[in-house]
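We did not get these values from a lab; they are worked out from the coordinates using the rules stated. All figures in this text were calculated on a predicted structure; none of them were measured in a lab. Note that we place each Cβ from the backbone using ideal geometry, even for glycine, and neighbour counts take in every protein chain shown.
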Amino acid sequence: MTSDDSRDDLTDDSTVQKRSVAETYDRIADHFAETRHHPWPEVREFLNDRSATVGIDVGAGNGRHAELVAERTRRVLAVDVSRGLLGTARERAAEREYAASLAPVAGDAGRLPVATGAVGLAVYVATLHHLPTRETRVGSLSELARVLGPGGRGLVSAWSTAHDRFDRETGFDTTVDWTLPGGETVPRFYHVYDPAEFREDLRRSGLTVVSTRVSSGNCYAVVAP
């Protein structure tokens with residue numbers, strides 16, 4: 001799952017939360033993938049001059065960023081809770097001839113099905129903000145720290161109150177509807193971060209923060225284990 005959306009009751013039970021997100025993105029997978037052709041420039045910039053044996057794209061969606069990671073690694077793990085989106089990622093990889101490097105993995109960001117220290121290069125963009133509680137968000141950041149090996153680097157992003165569609169100074173929860181071609185709307189949960197809160201959640205996790213910034217309405221951080 002990813003989002004730089006042009007269109008724009010979760011419970012405390014983590015299994016229900018995971019199922020809700022998966023069902024939402026399975027429902028919109030094909031249309032969502034059609035609108036997500038190009039990777040973000042911030043991701044290109046992060047990956048420039050970096051390489052590793054194994055990479056990971058957490059919340060891979062249709063694989064537009066996994067494709068960039070594949071260019072800089074021998075193998076990229078494309079992790080997403082939506083099997084529908086993973087199917088679109090497989091199709092994209094086959095069309096663009098990097099399927100041999102792509103390993104689609106069904107799993108959620110709060111409990112990555114990846115061995116400790118196995119990853120040298122990570123992209124975790126536009127996904128953290130879909131996790132419904134602060135505990136699960138910080139936990140997912142700690143999971144990223146767990147899978148990053150020594151010397152590994154990752155890029156984390158989330159929607160920010162600095163985005164011009166918001167008029168808020170502190171972080172808040174909201175829903176953003178995705179509109180399907182027939183007019184049906186599908187609500188999606190977001191936690192919109194204020195930059196200070198984003199930095200604090202990173203600090204509370206097991207990650208080491210290398211740098212942070214706000215760009216194009218998103219908080220970004222380059223992180224290490």
Checking the range 153-196 for trypsin sites (Lys or Arg not before Pro) in a loop per DSSP with at most 14 other beta-carbon atoms within 10 Å yields 165, 168
Working from the pairwise distances between different alpha carbons, so that the mean of 1/r is found and then inverted, what is the chain's Kirkwood radius in Å? 17.2 Å
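Peptides 174-182, 139-147, 97-105, 121-129: what's the order by average Cβ count within 10 Å, highest mean first?
121-129, 139-147, 97-105, 174-182
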Debye sum, Cα scatterers, the range 159-225, no solvent: what log₁₀ I/I(0) at q = 0.12, 0.17, 0.20, 0.26 1/Å? -0.39, -0.68, -0.83, -1.09
What dipole magnitude, in Debye to the nearest 20, does the chain give about its Cα centre under +1 on Lys/Arg Cβ and -1 on Asp/Glu Cβ? 880 debye
Restricting to the range 14-206, what percent of DSSP beta bridges are antiparallel, rounded to 5? 30 percent
